[in-house]
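Below: the structure, in structure tokens.
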Amino acid sequence: MKNSILELIKKSANDEKAFKALEKIYHLYDQLQYSSNIKQMAEDIYLWLHTNFDIDNVTFALFDIERNNRENIFIEGEEFYLDDSLSFFFIVNTHTNLNAIVSFSATSKEHFNEIDSQYNIIEAALFQISPILQNGIIKKNFIETLSLDSVTKVYNRHYLIENLNKQMALSKKDYKTIYFLMVGVDHFKAVIDEFDHDIADQVLVELAKIIHTNISEFDMVARLSGDEFLISMLSSNSEDEILKISQNIIESFAKVEVPVTEDGQVLKKTVCVGIDIFETHNPDDSIDKTIKNADIALYEAKNRGRSQLFNYKELKVEDTIELF
């Protein structure tokens, strides 16, 4: 790979074709300097491949060596596999647990031969931009470590509140009320006691999927300690709609089956939901206070049984809340 770029540099003094190839490579290099994140870098690589080599089918993925897990960052064009007869791939080693795989596929045998004849240019380009990609991947990993729950890949509490405040400040929409939903798994400790932490983690992953399925892209989810998830609802201020979404989460999760043994045994769990409203124009209200109230509402829901929904505003003085 290093030899490819050196060979082009040597030839460029007397070979216009080699000089133009170098120009293409450094155009991509310069473009990636302005990319703000790894997804934008992937999009820029696709545009470069498409513009210079008529490549339409591109996938940029991250592979976690420790977890044996692949995350697709960018996909364009038709689906293909790395072992297809028309495909190419390049691995960017970051010297961490995350490596990047840039893969692309030709549209015909003739197109494959054409790309193959110029693959030294593509290889040299990807080698040249590898340090930029490495920095982008490491930055992404660092941000996710600070902001995302390692098990479910949803936000942590601090990051959700920080982003919520930014969104409220920057958005032109006047948020008068924001609903907060606290979702908790019924008798979650029993899962750990009866099975193990891996099964418990899988329960949480499945719950995160159900939550995301039922909310808008404008809503935000965070995992708090243990089995509790916090949802800030920015897509709607209709109480009827919020209650419907909450009920859908309860009903959808009750149908989820988590495999626990190799012979096909599954675990089914339920959740409860607590709700409170943040009145943005009320000086006596605050996000922290609303989250605490939603948590109290969740415990009241759990005290009433499985698959329950409780709104904090319905709490009466005589209600007994068993927090421990």
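The values are calculated or read from the model by the stated rules, or taken from the named source; none is laboratory data. In this text the structure is predicted, and so the values were computed from the model without any measurement. All Cβ positions, even for glycine, are placed from backbone atoms using ideal geometry, and neighbour counts span all protein chains on display.
Residues are listed down the side, and each one gets a yes or a no for (1) assigned by TED's automatic domain parsing to the domain that holds I73; (2) surrounded by 19 or more Cβ atoms within 10 Å (Cβ to Cβ):
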| residue | (1), (2) |
| --- | --- |
| D116 | yes, no |
| I122 | yes, yes |
| A125 | yes, yes |
| S130 | yes, no |
| L133 | yes, yes |
| I161 | no, no |
| L164 | no, yes |
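Do the conditions hold for L49, that is, is it within 17 Å of F89 (Cβ to Cβ) and in the same structural domain as D116 (by TED's automatic domain parsing)?
The answer is yes for L49.
From the set of residues in the range 278-313 that are part of a strand (DSSP E or B) and buried (at least 22 other Cβ atoms within 10 Å of the Cβ), which is nearest to the chain's Cα centre (by Cα)?
F278
At least 3 residues that are at negative phi, surrounded by 12 or more Cβ atoms within 10 Å (Cβ to Cβ) and of a type in the set (F, W, Y) in each: list the strands (runs of 3 or more DSSP E) lying fully within the range 52-93 that qualify.
87-93
Looking at (1) under 21 Å from E300 (Cα atoms); (2) in contact with a Leu (Cβ under 6 Å, 6 or more places away or on another chain); (3) aromatic (F, W, Y), find the lone condition where F218 falls short.
(1)
Pairs only if they're at least six apart or on different chains, beta carbon under 6 angstrom, first in the range 79-102 and more than 19 Å from M41 (Cα to Cα), second modelled with pLDDT under 90 and surrounded by fewer than 18 Cβ atoms within 10 Å (Cβ to Cβ); list them, first residue then second.
N97/D64; N97/I65; N97/E66
May I ask you to say which residue of K255, K153 is more than 16 Å from G274 (Cα to Cα) and modelled with pLDDT under 90?
None of the others qualify; the one that does is K153.
From (1) under 14 Å from Q118 (Cβ atoms); (2) modelled with pLDDT under 90, pick out the condition that doesn't hold for S12.
Status for S12: all satisfied but (1).
Give the number of residues within the range 1-26 that are under 22 Å from S105 (Cα atoms) and of a type outside the set (A, V, I, L, M, F, W, C).
2
Would you say I199 is assigned to a helix (DSSP H, G or I), touching a helix residue (DSSP H, G or I) at 6+ places or on another chain (Cβ under 7 Å) and modelled with pLDDT of 85 or more?
For I199, the condition - assigned to a helix (DSSP H, G or I), touching a helix residue (DSSP H, G or I) at 6+ places or on another chain (Cβ under 7 Å) and modelled with pLDDT of 85 or more - is met.
Within the range 158-180, is even one residue among the hydroxyl-bearing types (S, T, Y), in a helix (DSSP H, G or I) and at pLDDT below 90?
Yes, because at least one residue in the range 158-180 is among the hydroxyl-bearing types (S, T, Y), in a helix (DSSP H, G or I) and at pLDDT below 90.
Within the range 216-232, take every residue that is acidic (D, E) and surrounded by 13 or more Cβ atoms within 10 Å (Cβ to Cβ) and give me the one that is farthest from Y155 (Cα to Cα).
D227
Show the residue pairs meeting these rules: Cβ distance below 9 Å; 6+ apart or different chains; first residue within the range 209-228 and under 16 Å from Y179 (Cβ atoms); second residue among the β-branched types (V, I, T) and assigned to a loop (DSSP other than H, G, I, E, B).
Short answer, once both residue conditions are applied: I211/V154; M220/V154; V221/T152; V221/V154; V221/I215; A222/V154.
Could we say that A42 is part of a helix (DSSP H, G or I), surrounded by 13 or more Cβ atoms within 10 Å (Cβ to Cβ), touching a Phe, Trp or Tyr at 6+ places or on another chain (Cβ under 9 Å) and of a type outside the set (D, E) here?
When the stated conditions are applied, A42 passes them.
Go through (1) surrounded by 14 or more Cβ atoms within 10 Å (Cβ to Cβ); (2) modelled with pLDDT under 95; (3) in contact with a Leu (Cβ under 9 Å, 6 or more places away or on another chain); (4) farther than 15 Å from T107 by Cβ for W48 and report which single condition fails.
(2)
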